[in-house]
Amino acid sequence: MSKEEILEVKNLSTTFRTERGDLKAIDGVSFEVYKGEILGVVGESGCGKSVTSQSILRLYDEKYTAKYDGEILLDGKNIFDIPLKKMQEIRGAKISMVFQDALSSLNPVLKIGDQIMEPLRIHQKLGKKEARERTLEMLRLVGIPAPDKRIDQYPHELSGGMRQRVMIAIALACRPQLLIADEPTTALDVTIQAQIMDLIVDLNKKLDMGVILITHDLAVVAETCSRVVVMYLGQIVEEADVNDIFDNPKHPYTLGLIKSIPRLDGDPNERLYMIKGTVPLLNQIPNGCRFAPRCPYATDKCRTNMPELKAVSPTQKVRCWMVEE
Amino acid sequence: MEEKKVVLSSEHVSQFFPIKNGFGQVVNYVKAVDGVTLELHEGETYGLVGETGCGKSTLGRTLIRLLEPTEGNVVLNGEDISHLSEKEMRKYRKEVQMVFQDPYTSLNPRQKVGDILMEVLEIHGVKDKDERMEIAMKMLAKVGLRPEHFYRYPHEFSGGQRQRVGLARALILNPKVIICDEPVSALDVSIQAQIINLLQDLQKEDKLSYLFIAHDMSVVKYISDRIGVMYLGHLMEEAETEELFSNTLHPYAQALLSAVPNANPHEEKQRIVLEGDLPSPINPPTGCVFHTRCPYAKAICSEKIPVLKSVNEKHKVACLLYDKDLNPDAE
Amino acid sequence: MTNDMNIPFESKEELEEIRKTLVKEQRELKRKKFLKNKMSVAGLCIVIIMIIIAIFAPSIATHDPYETNVMESLLPPSAQHWFGTDKIGRDVFSRVIYGARISLFVGVSVGGISAVLGLIIGLYASTNKVLDNILMRCCDGLRSIPNLLLAITLMTVLGAALKNVIISLAIVSTPGVARMARSSALVVREQTYVEAMRCLGAKKSRILWKHIAPNILAPVIVQMTFAFASAIIAEASLSFLGAGVPSGTPSWGSMLSEGKAVIYSAWWMIAFPGAFTALTVLGLNLFGDGLRDLLDPLTN
């Protein structure tokens with residue numbers, strides 16, 4: 001498979017200015033997204049996975065709340081060099097996003113058809129009739145039955161799964177190169193979650209775009225992603241193909257995560273593995289390796305020196321001293 | 001099979017919430033739970049699963065008598081507690097307790113953890129303050145918290161620690177039954193495992209019975225001895241865990257289980273996709289409530305209401321496909 | 001405690017030690033948080049100064065506030081009469097100082113009474129639909145009449161006396177507090193911890209007073225500072241209109257009322273009591289905001 005790179009994140013850091021001083025929510029994150037793949041970004045709350053995705057779109061206010069460092073290259077151009085006003089041409093057109101809560105992401109007083117048409121008319125300057133045609137096409141594409149009826153309905157008339165489909169239709173209306181899905185199914189039931197995930201996989205193939213899937217659910221990752229980035233406390237601790245992540249995890253954190261979820265094909269008499277302790281707050285980041293205080297294998301070196309993210313094979317990178325030695 | 005002691009059961013329990021119009025007249029009912037019969041045995045974990053709106057949480061709240069059942073009976077240790085007043089219920093409260101989903105809203109933000117625990121004892125007549133404190137301290141240790149946590153406010157804790165406090169509050173009266181309403185679904189993956197293990201340890205120690213309400217099938221499969229599947233207020237299938245997963249009978253349960261993702265990238269799954277949306281519990285379909293979305297639905301399914309019947313000693317199902325009495329064509 | 005060994009891990013003394021440090025730590029945190037909010041500290045200072053003035057009025061005042069001296073009528077501020085004198089030659093400074101007593105007394109009483117009444121009404125309204133309808137319709141009825149008009153009407157019925165000023169102003173400001181308390185209580189009532197207390201067999205009154213009431217205190221206290229401030233202004237307005245405290249009694253309101261006739265020739269008669277009124281109200285509002293933040297444990 002030839003790989004065409006869409007997006008490259010290089011050494012990205014996002015620092016939030018708060019009353020209690022600066023908080024570095026993500027620290028030196030680098031990864032690439034290729035055309036036609038689904039990249040899973042997993043981690044627990046506070047690991048910075050959502051901050052990463054929102055930073056890619058520069059959604060944080062740069063004057064008052066956040067400061068970005070590093071580069072995000074889209075088609076070889078650094079997103080941070082683009083004037084803020086021109087960002088609108090990228091958001092929704094080249095990179096678009098689907099959020100967790102479809103109900104609050106949709107405007108309740110606008111018909112769904114109008115909401116899908118809006119990006120088309122802004123970005124592609126389509127006429128009313130053309131835009132409507134494309135909207136119907138989009139609704140069909142995301143599997144909404146009777147699209148000519150649904151197009152004139154309001155969000156509250158749709159079920160949760162249908163609303164998330166509409167969100168995806170809006171996101172994909174301008175055929176972006178990259179779709180960022182931020183916990184798209186967390187608020188949905190399993191049967192609906194399965195349908196939405198299948199839809200994303202299907203559209204990813206059909207439209208040949210890149211997808212970043214942000215989730216805390218390893219089972220969803222296992223079923224949909226081709227490559228996985230595991231984040232902990234604002235850093236990438238492991239990056240690998242999905243099979244390597246599950247069969248051959250190198251970082252103790254990845255291993256802990258995988259062992260701590262009950263599996264459908266697992267043995268119910270076997271005690272679940274526990275990662276001890278809790279995720280520290282961002283203003284209490286430990287010295288050395290950030291996972292060291294919770295790591296069962298931590299040595300003195302781990303507690304004082306930060307390991308680098310190093311490639312252990314062409315497809316796997318790990319941030320751990322154990323692997324280096 | 002040995003006869004197990006039933007600690008808590010519901011007999012044809014229904015919970016209908018009236019919908020009133022502007023003049024206060026009842027115009028319709030939301031049929032949240034409709035004629036559910038289930039038994040919770042001593043020392044077992046009964047997993048209750050189903051999707052949003054299936055009535056599993058409402059059933060849990062009826063069993064603990066936060067709600068009075070519209071029809072049917074709730075029986076605790078052989079005594080009917082369905083229509084006891086709040087005052088009469090008080091002495092039964094010790095027996096059944098509840099752990100809630102959201103650890104952030106389930107603790108009073110203005111009470112210190114110690115006061116939360118001690119108040120429970122005060123309500124139940126432990127007069128001596130030192131005694132209350134001693135019991136509360138022991139409880140904290142039991143759920144893996146430290147004595148200094150006694151003097152802290154809930155907002156100083158992480159989600160997992162709060163859930164431990166919630167557990168301590170439920171356990172402090174030494175109940176026989178704990179109704180766990182999605183106790184781990186708001187927690188991070190690594191914390192989930194801690195709480196699940198804690199629940200299991202406590203169960204072994206105190207012979208607790210759990211009614212474990214959840215939507216995460218992998219967790220339910222891991223923790224439960226028996227599982228009941230609910231859909232639109234009805235119990236569709238009930239079986240021992242292994243039996244349910246190896247021999248799923250009800251078409252809804254089949255679809256539900258096929259949708260559950262597994263953390264195994266090598267597995268290719270055949271999904272059963274359900275057509276259409278969940279019908280409204282205000283006007284549920286006639287006959288079998290699932291017939292509007294069932295891939296095997298026949299004409300008879302919209303006419304006759306299936307009842308939960310045993311197919312073998314470990315397995316009950318409410319489906320006309322397997323019911324020869326109601327449906328002559330059944331297998 | 002009969003036996004210290006029963007407590008796991010630590011001895012009783014150690015535990016007491018932990019408790020003390022934690023309580024101290026929490027208190028320290030609260031103190032810091034409050035001090036960090038400079039505006040609310042300033043507000044508190046203003047309120048404290050006003051209270052001191054009211055308490056020590058006899059020693060602060062330079063003259064007898066009731067002593068008339070027609071020879072010295074309408075003198076502008078001078079070394080002898082710091083704030084000047086009024087029409088019948090009473091010292092304005094002394095009257096402003098004494099006036100703080102009445103104005104603050106009215107403010108505190110009205111704020112306190114309406115907070116307690118409003119809290120009770122709001123809490124009970126949230127428990128029962130029928131009661132809710134009755135209480136809230138009464139409150140709506142009271143609120144539909146302009147505040148001052150209602151107060152004047154009540155004063156006319158009750159007669160001009162300090163006690164009646166307080167009663168009528170409390171009646172005017174209670175519905176606002178009650179509405180606020182009710183709507184907050186309805187939100188808190190749905191919280192899971194209230195459900196948890198019901199599971200544990202807590203009585204309704206315990207849930208209401210121990211679990212709902214503390215959690216709606218913050219908005220009620222803010223509302224109370226508003227009631228406090230508006231009572232001072234309303235007392236001034238009532239006195240200004242002649243429906244307040246009996247004439248001759250020094251209160252900021254009655255002084256403003258007396259000053260209105262000579263506003264062009266004797267500005268000091270309006271300016272000083274007006275400034276004190278404004279300053280107190282400002283201080284209370286600032287303090288109220290700080291208090292609200294302080295009472296919210298989540299912002300610690």
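Taking other C-beta atoms within 10 angstrom as a stand-in for reagent exposure, A:22, A:182 fall in the order A:22, A:182, fewest first.
About its Cα centre, chain B has a charge dipole of approximately 880 debye under the convention of +1 per Lys or Arg Cβ and -1 per Asp or Glu Cβ, with nothing else charged.
Give me the net charge for the shell around residue C:238: Cβ to Cβ below 15 angstrom, other residues only, Lys and Arg +1, Asp and Glu -1. Mind dumping the intermediate values first?
Details: positive: C:163, C:260; negative: C:235, C:258.
For residues surrounding residue C:238, the net value is 0.
With a threshold of 26 Å on the Cα-Cα distance, the over-threshold entries among B:87/B:176; B:127/C:204; B:112/C:38 are B:112/C:38. Taking every alpha-carbon pair within chain A, the share separated by more than 29 Å comes to 41 percent.
Which FRET efficiency value, to the nearest 0.05, is calculated for residue A:78 and residue A:304 with the Förster distance at 41 angstrom and r the Cβ-Cβ distance? If you can, show how the numbers build up before the last one.
Details: r = 34 Å, r/R0 = 0.84.
Here the calculated transfer efficiency is 0.75.
Assuming a viscosity of 0.692 mPa s and a temperature of 37 °C, what translational diffusion coefficient in µm² per second does Stokes-Einstein assign to chain B, Rh being the Kirkwood radius over Cα pairs?
Numbers: Rh = 21.3 Å.
Estimated diffusion coefficient is 154 µm²/s.
The residue list C:37, A:6, B:178 was ranked by how far each Cα lies along the charge dipole of the protein assembly as shown toward its positive end, using unit charges on Cβ atoms, and C:37 comes out on top.
Here the calculated FRET efficiency for residue A:103 and residue C:68, from their Cβ-Cβ distance with R0 = 56 Å, stands at 0.20, rounded to the nearest 0.05.
Cα convex hull, segment C:38-148: 166 Å³ per residue, rounded to a whole number.
How large is the convex hull of the Cα atoms of segment B:108-174 per residue, expressed in Å³ as a whole number? Write down the numbers at each step before the final one.
Working: hull volume 5.0 nm³, N = 67.
About 75 Å³ per residue, rounded to a whole number.
Counting Cβ atoms of other protein chains within 10 Å of each residue's Cβ and taking the mean over peptide A:160-166 gives 1. Peptide A:189-199 has a mean shielding of 6, counted as Cβ atoms of other protein chains within 10 Å of each residue's Cβ.
Quote the charge dipole size of segment B:108-174 about the Cα centre in Debye, to the nearest 20; the model charges only the Cβ of Lys and Arg (+1) and of Asp and Glu (-1). Can you show the working numbers first?
On the way: 12 positive and 9 negative charges, 51 e Å.
Dipole of segment B:108-174, to the nearest 20 debye: 240 debye.
Listed peptides B:237-249, A:148-160 appear in the order B:237-249, A:148-160 once ranked by packing, highest mean of other Cβ atoms within 10 Å at the front.
Computed about the Cα centre, the dipole magnitude for segment B:233-331 is approximately 240 debye when only Lys and Arg (+1) and Asp and Glu (-1) carry charge, each at its Cβ. Taking amide hydrogens as placed 1.01 Å from N in the peptide plane, the amide H of residue B:304 sits under 5 Å from those of B:288, each at least 5 positions away in sequence or on another chain. Straight-distance candidates among the aspartates and glutamates for linking to residue C:32, with alpha-carbon spacing under 15 Å and chain neighbours fewer than 8 residues away dropped: A:19, C:293, C:296. Around the amide H of residue C:63, modelled in the peptide plane, lie the amide H atoms of C:94, all under 5 Å away and 5 or more residues distant in sequence or on another chain. Taking a point 7 Å from the Cα of residue C:56 along the Cα-to-Cβ direction, the residues of segment C:73-102 with backbone N closer than 20 Å to it are C:82-83, C:93-102. Whole-Hz Karplus values for segment B:79-85 come out as 10, 6, 10, 4, 10, 5, 6 Hz, taken residue by residue from phi with 6.51 cos²θ - 1.76 cosθ + 1.60 and θ = phi - 60°; glycine and proline positions read x.
What do the square roots of 5 times the Cα gyration tensor eigenvalues come to for segment B:1-147, in whole Å, largest first, as semi-axes of the equivalent ellipsoid? Result for segment B:1-147: semi-axes of 32, 21, 16 Å. Listed from fewest to most Cβ neighbours within 10 Å, the set A:166, A:323, C:23 follows the order C:23, A:323, A:166.
Please compute, for peptide A:264-275, the average count of beta-carbon atoms on other protein chains lying within 10 Å of each residue's beta-carbon. Mind showing how you got there, number by number?
Values: counts 12, 7, 6, 1, 8, 1, 1, 5, 10, 3, 9, 6.
For peptide A:264-275, the averaged partner shielding equals 6.
For segment A:1-94, a Kirkwood hydrodynamic radius built from all Cα pairs, placed in the Stokes-Einstein relation at 25 °C and 0.890 mPa s, yields a translational diffusion coefficient of 174 µm²/s. Computed over chain C, the per-residue total of -39500 (n - 2.57) for DSSP H runs of n ≥ 4 gives a 222 nm mean residue ellipticity of -24000 deg cm²/dmol, rounded to 500.
Which order do the peptides B:163-175, B:126-138, B:311-323, C:192-204 take when ranked by the mean count of other beta-carbon atoms within 10 Å per residue, highest first?
Working: B:163-175: 23.6, B:126-138: 16.8, B:311-323: 19.2, C:192-204: 20.8.
Peptide ranking by packing, descending: B:163-175, C:192-204, B:311-323, B:126-138.
Measuring gaps between exposed loop sites in chain A (chymotrypsin sites (Phe, Trp or Tyr not before Pro); DSSP loop; at most 15 other Cβ atoms within 10 Å), the longest gap, sites not included, is A:65-296. Temperature 4 °C, viscosity 1.567 mPa s: under these conditions the Stokes-Einstein estimate for the protein assembly as shown, based on its Kirkwood radius over C-alpha pairs, is 40 µm² per second.
Highest GNM mean-square fluctuation among C:35, C:256, C:282, for chain C modelled with Cα contacts below 10 Å: C:35. When chain A is treated as a Gaussian network with alpha carbon springs shorter than 10 Å, the biggest mean-square fluctuation among A:165, A:271, A:17 belongs to A:271.
With runs of 4+ DSSP H residues as the only contributors, calculate the mean residue ellipticity of chain B at 222 nm using -39,500 (n - 2.57) per run, divided by the residue total and rounded to the nearest 500. Write out the running numbers ahead of the final one.
Values: 9 runs with 90 residues, N = 331.
Helices in chain B give a 222 nm mean residue ellipticity of -8000 deg cm²/dmol.
What per residue convex hull volume, in Å³, do the alpha-carbon atoms of chain C yield? Working shown, then result.
Details: hull volume 55.7 nm³, N = 300.
Hull volume over Cα atoms, normalised by residue count, gives 186 Å³.
Using the alpha carbons alone, the radius of gyration of segment C:109-215 stands to its Kirkwood radius in an Rg to Rh ratio of 1.09. Considering only B:147, B:166, B:137, and ranking their Cα positions along the charge dipole of segment B:108-174 that arises from unit charges at the beta-carbon of Lys, Arg, Asp and Glu, the one farthest toward the positive end is B:166.
Each reported figure results from applying straightforward, stated rules to the coordinates on display, with no laboratory input. The model shown is predicted, which means the values in this text are computed figures rather than measured ones. Cβ coordinates were reconstructed from backbone atoms using ideal geometry, including for glycine residues, and neighbour counts include every protein chain displayed.
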